[in-house]
Each structure stands twice: as C-alpha cells, then as structure tokens.
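The values are calculated or read from the model by the stated rules, or taken from the named source; none is laboratory data. Computed from a predicted model, the values in this text were never measured in an experiment. FYI the Cβ positions are ideal-geometry reconstructions off the backbone, even for glycines, and counts take in every protein chain you see. Quick note on the areas: whole protein, heavy atoms, side chains included, nothing else; ligands and nucleic acids left out. Shrake-Rupley method; radii C 1.70, N 1.55, O 1.52, S 1.80 Å.
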Amino acid sequence: MNDTQLATRIRSIPAAIARYWNAKPLKLDITDATCGQNIYEIVFDPQIVLAASGARLRGVHYNVEIVNVPMQPAPNPLGPLITGRRVLQGQSYVLGYRAVFNIGESRSGTDSVSASSRNPQADILEAHEYGHMLGLKDEYNDARFNRGGVDYELPDGTVQRASGQEHLMDTMRVEQESRQARYATTIAYAVQDILNRNGRRVSRNRIIGDYI
C-alpha cells in the first residue's frame, strides 16, 4: 500500500464509523425545570487529524496509531489479549487515551464494504473501537477472561444486562447493530450533567433507540 492509498484508507475510517452510529439515530428524551420536555437527536461526527511523523497535536481526545500488519493468531478470538500494556500484533484496541487501528484487519472500515453472510464482521472494527472511546465496555460473555457481559445503569433508573447478544460492542457479528439505546449511556449522563450545571435541573432522562 503506497502513501496515497494509505491516506485514502485513513480518511475513510470516520465515514465508516459515522455510517454505523448514525444509521438509526439515538435520541434523548429529556425534561428539565426550565425548558420542559425536549427530544434531542444524537449525531456522531468522528474526525481524524493527521500528524506528521513524531509531531504532537494539542486538543485531540485520543492518539490513534494506524498500522497495516498481518493478524497474528491469538488465544482469545473475541478480543485483544492485554497483559499490562502489551497487545498482540495485529489487534486493534483502545487503552486509556491511546488507540491502535489495524487497517490490515478484514473487519477494518473502508466506507465501501458492507457486512454480509460471507463476512458478517466487515467494515465494523473501528466502529466497535469508537464505542470504547465513548466509554463503553466489551459485552463479551467469556468466562476464560472474566468477561461476563456488562450491566448498564441507565439515567432513567433502569438497569440493562448485555451479554452474548452479538451486537456492536459484543462479537460484532450483526450488521448495522450499533444503535442499542444503552450505547448512549455515557452521552446521556454527560448531557444531564451539563444541563444541571447550567441551572436546568433534569427530572427525566430517557434514551430512545433500541433496534433489532
């Protein structure tokens, strides 16, 4: 892959992520003491800012390293095997405020490849990792690595259990399944905090967007 092809692939990643996360919009149904009830649509606009080799950027949320390497077989097929800060070659991951995207992976987004029965995980890898950047955890049900799914405490007071459902943050095997309501949990809490801090006391905060 030459430099031009590499730059094209990198530029395609945000569009591939946005297509999954915006295909069926997530919404917030919020009531506050000042403005009453309002429905807010959540729009995801991921952006990548390219830096010259060795350059440091200010104001970025995550430092993302783009690699293009062959996948190395791993003992855990459901996700990266992390020991301390060592990650197997070829695994894409988010760790702290650093991420690695391997565009050599068959699941990497190109914004032109759609998932199919032949490859049900195509074009979805970075969309999954983007979920981690939003504060979401893996929903794997994998006892070997002490992964038993995730309990979501939603802002409306309900608790939702997610485990082994093959959605975006699980095994990534279902096309266009990124709009589960629980995937807006961190955003809903952040919006509520912003409104409360600006004198708009929130009495209702419900996420809309469960799709099968």
For this session: State yes or no: is Leu154 modelled with pLDDT under 90 and in contact with a helix residue (DSSP H, G or I) (Cβ under 9 Å, 6 or more places away or on another chain)?
Result: no
Exercise. Taking region 42-80 as the region of interest, how many residues are open to solvent by 70 Å² or more (accessible area, probe 1.4 Å), hydroxyl-bearing (Ser, Thr, Tyr) and modelled with pLDDT of 65 or more?
Worked result: 0
Problem set entry | Qualifying position, being hydrophobic (A, V, I, L, M, F, W, C), at pLDDT 75 or above, surrounded by fewer than 20 Cβ atoms within 10 Å (Cβ to Cβ) and more than 24 Å from Glu41 (Cα to Cα), among Leu95, Leu125 | Leu95
Exercise. Within the bounds of region 175-198, is there any residue that is assigned to a loop (DSSP other than H, G, I, E, B), open to solvent by less than 70 Å² (accessible area, probe 1.4 Å), out of contact with any Phe, Trp or Tyr (no Cβ under 9 Å at 6 or more places or on another chain) and modelled with pLDDT under 95?
Worked result: no
Seminar exercise, completed: Among (1) at pLDDT 90 or above; (2) open to solvent by less than 30 Å² (accessible area, probe 1.4 Å); (3) more than 30 Å from Ser12 (Cα to Cα), Leu136 falls short only on (3)
Problem set entry | Members of region 15-27 found to be open to solvent by less than 20 Å² (accessible area, probe 1.4 Å), assigned to a helix (DSSP H, G or I) and either out of contact with any Leu (no Cβ under 8 Å at 6 or more places or on another chain) or of a type in the set (Lys, Arg) (or both), listed by number | Ala16, Ile17, Trp21
Seminar exercise, completed: Filter region 157-174 for residues that are touching a helix residue (DSSP H, G or I) at 6+ places or on another chain (Cβ under 6 Å) and over 13 Å from Gly209 (Cβ atoms); the one that is modelled with the lowest pLDDT is Met172
